[in-house]
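The values are calculated or read from the model by the stated rules, or taken from the named source; none is laboratory data. All figures in this text were calculated on a predicted structure; none of them were measured in a lab. Cβ placement follows ideal geometry from the backbone for every residue including glycine, while neighbour counts extend to all protein chains displayed. These area figures cover heavy atoms from the full protein model, side chains too; ligands, DNA and RNA do not enter into them. Shrake-Rupley method; radii C 1.70, N 1.55, O 1.52, S 1.80 Å.
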Amino acid sequence: MSSQKQEVVRRLAAPDIRARKGGEPLVCLTAYDAPTAEILDAHCDVLLVGDSVGMVVHGLPNTVGVTLDMMILHGKAVMRGSKRAMVVIDMPFGTYEGSRELAYQNCARVMQETGAQGVKVESGPTIAETIAYLVQRGIPVMGHVGLRPQAVLTEGGFKAKGKTDDERLRVMSEAEATADAGAFAVVIEGVAEGLAREITEAIDKPTIGIGASAACDGQILVTHDMLGLFDWTPKFVRRYADMRGEIDRAVAGYAADVKTRRFPAEVETYFSKKPVAQ
């Protein structure tokens with residue numbers, strides 16, 4: 001047995017995230033697979049296994065077609081690849097809206113099968129009661145207000161929220177209800193800076209912005225967007241790399257080497273051992 005003690009890395013959990021309210025900004029990104037999660041883990045407080053996986057990995061037009069089995073599959077992969085960051089898994093459309101009991105059954109399954117530290121639900125006008133029900137039964141819940149991707153079919157697309165007084169009041173009300181119900185943090189998506197600041201100051205839980213300005217207690221982006229894997233990204237995304245260009249150049253180089261037989265070269269080839277002379 002080795003005399004050296006192996007370092008134990010403690011994974012962040014809901015109380016750690018909640019305690020960051022008003023402190024050092026929370027760093028959050030999406031993750032859908034083990035290798036990416038391993039890279040992100042050293043830099044992030046929260047890894048969100050977002051239902052955006054349906055669009056950025058599976059090529060779906062929106063998140064509505066994402067299933068619970070898909071989220072569990074990707075959640076397991078992210079848990080295997082990470083050690084420190086809190087892993088939160090999106091509950092997909094149709095898995096928590098029907099009843100509190102159905103929501104608990106599905107959330108409990110996600111927690112049990114993946115080992116994740118929390119779930120995220122989109123905080124529509126009727127969800128606060130369900131959030132309270134889940135939290136009271138040991139499910140850490142992250143809320144999501146403003147632009148709600150799962151409501152894309154009823155709202156006519158991905159549109160910023162809070163442009164009218166009625167809309168501002170609705171988003172504020174949903175954020176306050178989500179926080180009061182026991183959510184440990186609230187994602188704010190696609191709202192003006194003033195509303196994001198107002199929500200952040202009004203609730204006692206950390207706010208995590210995506211297209212909601214630096215007024216929030218933390219930020220999250222879709223990793224594929226910030227790495228530049230797509231031709232187009234939303235206005236609120238800053239591209240920190242051009243991975244699409246890098247991949248294209250790498251594959252073009254590989255294709256050229258294969259066609260000209262420069263790959264594989266001798267160094268990449270196995271050879272039989274020469275028989276030993278008798």
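Number of residues in the range 124-164 that are at pLDDT below 85 and either among the small types (G, A, S) or open to solvent by 70 Å² or more (accessible area, probe 1.4 Å) (or both): the value is 13. Based on this model, can you work out whether K205 counts as within 26 Å of H43 (Cα to Cα), under 24 Å from the mean Cα position of the chain (by Cα) and open to solvent by 100 Å² or more (accessible area, probe 1.4 Å)? The answer is no for K205.
Here the condition is being at pLDDT 95 or above, in contact with a Ser or Thr (Cβ under 6 Å, 6 or more places away or on another chain) and open to solvent by less than 70 Å² (accessible area, probe 1.4 Å); of T269, T178, it holds for T178 alone.
Scanning the range 8-55 for residues that are assigned to a helix (DSSP H, G or I) and farther than 21 Å from G138 by Cα yields a count of 11.
Pick out the one residue from V46, V57, V64 that is open to solvent by less than 10 Å² (accessible area, probe 1.4 Å) and among the hydrophobic types (A, V, I, L, M, F, W, C). Among V46, V57, V64, only V46 is open to solvent by less than 10 Å² (accessible area, probe 1.4 Å) and among the hydrophobic types (A, V, I, L, M, F, W, C).
Being at pLDDT below 95, surrounded by fewer than 20 Cβ atoms within 10 Å (Cβ to Cβ) and out of contact with any Ser or Thr (no Cβ under 8 Å at 6 or more places or on another chain): is that true of V27 here? No, not satisfied. Quick check on my filter: what residues within the range 235-266 are touching a residue at least 12 places away in the same chain (Cβ under 8 Å) and either exposed (fewer than 11 other Cβ atoms within 10 Å of the Cβ) or of a type in the set (S, T, Y) (or both)? Residues satisfying the conditions are K235, R238, Y240. Please work out if A255 is modelled with pLDDT under 95 and aliphatic (A, V, I, L, M). When the stated conditions are applied, A255 does not pass them.
Among the criteria (1) within 21 Å of A14 (Cβ to Cβ); (2) modelled with pLDDT under 95; (3) hydrophobic (A, V, I, L, M, F, W, C), the one V78 does not fulfil is (2). Taking residues in the range 80-106 that are open to solvent by 20 Å² or more (accessible area, probe 1.4 Å), and partners anywhere that are assigned to a strand (DSSP E or B), the pairs with Cβ atoms closer than 9 Å and at least 6 places apart or on different chains are N106/V119.
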